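Enquirer: So that we are looking at the same thing, I have put the structure below in structure tokens.
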Amino acid sequence: MKINKVAPAKSDYLAPLVTIPKPPDVLYVLGGIPDDRQPTIAIVGTRKPTAYGREITESFSRQLASRGIIVISGLAIGVDGIAHRAALEAEGTTIAIIANALPNIYPASHRQLAHDIVDHGGAIIGEHGPDEEYTVGKWSFLERNRLISGLADAILITEASAS
């Protein structure tokens with residue numbers, strides 16, 4: 001898959017990212033992002049959801065995606081993956097913001113999900129690309145989360161762990 005470099009300042013859809021702390025000058029994108037700004041919701045939560053957490057995540061993601069709202073999340077195990085998959089099942093658009101450098105997909109168990117996202121008109125977006133040597137650390141997920149929250153019009157935490 002081809003990785004494109006996109007400057008948030010030159011993209012209507014990514015434009016909200018110019019206002020976040022430490023805005024990225026460029027993002028790396030697999031797949032396609034909308035040309036224009038569209039309603040976008042982040043659906044995030046625990047990596048170990050309960051049965052109720054899975055059910056509510058699937059329900060919200062399907063209903064919102066079926067109404068044309070773009071669902072974004074972090075491609076992580078748990079709520080993130082459930083939200084992406086449910087949006088795809090609703091034939092909606094979903095975008096994954098990753099913490100690592102493209103073209104690597106982490107976690108590896110979500111490689112097929114990442115391909116499905118791109119194949120169905122969504123995108124995988126990262127702040128780091130193939131021309132960088134980048135090591136993932138605990139801070140990487142905070143960096144990713146600022147992109148998720150900066151791009152979303154609203155954030156839905158369907159279930160969170162106590163710690």
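The values are calculated or read from the model by the stated rules, or taken from the named source; none is laboratory data. Quick caveat: nothing in here was measured; it's all calculated off a predicted structure. Please note: Cβ atoms are built from the backbone with ideal geometry, for glycine as well, and neighbour counts cover all protein chains shown. The accessibility values were calculated without ligands, DNA or RNA, using every heavy atom of the protein model including side chains. Shrake-Rupley method; radii C 1.70, N 1.55, O 1.52, S 1.80 Å.
Enquirer: Stretched out fully, how many nm does the piece from residue 142 to residue 115 gain, at 0.36 nm a residue minus the Cα gap? Numbers along the way, then the final one.
Expert: Numbers: separation 27, 0.36 × 27 = 9.72 nm, distance 2.42 nm.
Difference between extended and current length: 7.3 nm.
Enquirer: Here's a follow-up. Can you count the Lys pairs in the chain with C-alpha separation below 22 Å, eight or more apart or on different chains?
Expert: Lysine pair count for the chain: 5.
Enquirer: Checking a compactness column here: for the chain, what do you get for Rg(Cα) / (2.2 N^0.38 Å), N being the number of residues?
Expert: Taking N as the residue count of the chain, the ratio is 0.94.
Enquirer: Can you compute the label reach from residue 153? Point 7 Å from Cα along the Cβ direction, backbone N cut-off under 14 Å, restricted to the range 63-78.
Expert: Only 64-72 fall inside the zone, counting backbone N under 14 Å.
Enquirer: Also, I was wondering about something else. State in Å² the accessible area per residue of the chain; use a 1.4 Å probe, count heavy atoms of protein chains only, and round to the nearest integer. Each step should come with its number before you reach the end.
Expert: Working: 8250 Å² over 163 residues.
Accessible surface, normalised per residue, equals 51 Å².
Enquirer: Rounded to the nearest 5, what % of DSSP beta bridges with both residues in the chain are antiparallel?
Expert: Among the beta bridges of the chain, antiparallel pairing accounts for roughly 35 percent.
Enquirer: Another question about this same structure. Place the peptides 111-117, 66-72, 127-133 in order of packing, highest mean first, counting for every residue the other Cβ atoms within 10 Å and averaging per peptide. Spell out each step's value before the answer.
Expert: Values: 111-117: 17.0, 66-72: 19.1, 127-133: 14.6.
The densest-packed peptide leads the list: 66-72, 111-117, 127-133.
Enquirer: Something else now. First check a/c for the range 69-163, with a ≥ b ≥ c the square roots of the eigenvalues of its C-alpha gyration tensor; if it is under 1.5, answer rounded, and if not, answer prolate when a/b is larger than b/c or oblate otherwise.
Expert: Working: a/c = 1.58, a/b = 1.17, b/c = 1.35.
Since a/c reaches 1.5 but b/c is at least a/b, the shape of the range 69-163 is classed as oblate.
Enquirer: Accessible area of the chain with a 1.4 Å probe: how many percent of it is carbon plus sulfur?
Expert: Roughly 53 percent of what the probe reaches on the chain is carbon or sulfur.
Enquirer: Any chance you could run the full-extension gain for residue 160 through residue 77? It's 0.36 nm times the residue separation minus the Cα-Cα distance, nm to one decimal.
Expert: Full extension from residue 160 to residue 77 adds 28.6 nm.
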